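This report concerns only the one structure given below.
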Amino acid sequence: MKPAVIYARVSSKDQEREGYSIPAQLKLLREYAHAHEFEVAREFVDVETAKISGRKQFGAMVRFFRENRSCRTAIVEKTDRLYRNFRDCVTLEDLEIEIHLPKEGQIIGKDSKSQAKLVHGIQVVIARNYIENLREEVRKGMREKAEQGIYPSRPPLGYSNNKLEHTIEIDSRKAPLARRMFELYASGRHSLANVRNVLKTEFGQLLAKGYLERLLKSPFYKGQFIWEDKLYNGTHAPLLSAELFEQVQSVFRGHNKPKYRSHDFAFSGLLRCAYDNCTVTAEIKKNRYTYYHCTGYRGKCELPYFREENLVTGSAPSYGTFTFPTMC
């Protein structure tokens, strides 16, 4: 018996309901393999939308063919179950795979007649056109939602999707963190790196710098959103005032540049943490108090925040947790 693999795929729940279910495909393909005396070496199943090449099980099947030269046959229900783009077709052609398509009554391989290859090529084009049309319909649906004020994607930090009512709601667990990041940066006294550190200290969550910047520039938080380069008024509740949002944008534009570099802290550059030898840095809290703390570049540090006056009076916590570097 010749070895062969079986490949089955559905790309949506709708297709499962329309009779393309995986069990139905596998039953047909196994019966075909038995009737044509094929020994099924492997079965590969994809249950996902495959808009581009790179489906997990399709890729696994290709690797199997490359590693098992004795197996050169794939049994698939029909053309659009196998291909979603031209690259998939070329990949299998280069491997000289013979493709059996029971629903279409075709066998396509290197020795197939030109007429059969032509028909198969047309079916590949039709499959490609199907996904392009599907893409257009999806984009159209998303655009219509945007025009209704409904954000057609996953909401940013501080919001969550209500799947029952199909609305976007403020996430009571994450909203305080989102508000805090705007308040910190709007003050003009914090760099993005400093905002990250403060959020990590206060909420235990360290945001990537680029991600933090994107959030701070997102109008979603003031009740609007951008979709396909167009600004829409959203139906979701704003998390903060338009004034606070615009203040943050002003800081980004440089109209009110952050002042974190303008402060001449009394002990700036003089202190190093005795726990990990990192620099001890300073920042202003509540617009009036100067606090020092370890930068923690080597990981979480045990040195607590302490006020500048405590350092001056010698009452800073845990004597010996900071040291003055040797001066030449």
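The values are calculated or read from the model by the stated rules, or taken from the named source; none is laboratory data. As the structure is a prediction and not an experimental result, all values here were calculated from the model. Virtual Cβ from ideal backbone geometry, glycine too; neighbours counted across all protein chains shown.
Residues of region 283-309 that are surrounded by 13 or more Cβ atoms within 10 Å (Cβ to Cβ), free of Cβ contacts under 8 Å to residues at least 60 places away in the same chain and of a type in the set (D, E, K, R): Arg307, Glu308. Going residue by residue through region 211-227, is there one that turns out to be in contact with a helix residue (DSSP H, G or I) (Cβ under 7 Å, 6 or more places away or on another chain), at pLDDT below 95, closer than 14 Å to Pro176 by Cα and surrounded by 12 or more Cβ atoms within 10 Å (Cβ to Cβ)? No, there is no match, as no residue in region 211-227 is in contact with a helix residue (DSSP H, G or I) (Cβ under 7 Å, 6 or more places away or on another chain), at pLDDT below 95, closer than 14 Å to Pro176 by Cα and surrounded by 12 or more Cβ atoms within 10 Å (Cβ to Cβ).
If you check Glu165, Glu169 for being surrounded by fewer than 18 Cβ atoms within 10 Å (Cβ to Cβ) and at pLDDT 95 or above, only one passes: Glu169. Of all residues in region 228-245, those satisfying the criterion of being more than 19 Å from Pro176 (Cα to Cα) and without any contact (Cβ under 8 Å) to a residue 24 or more places away in the chain are Asp229, Leu231. If you go through region 141-162 and keep only what is part of a helix (DSSP H, G or I) and in contact (Cβ under 8 Å) with a residue 40 or more places away in the chain, you end up with Met142, Arg143, Ala146, Glu147.
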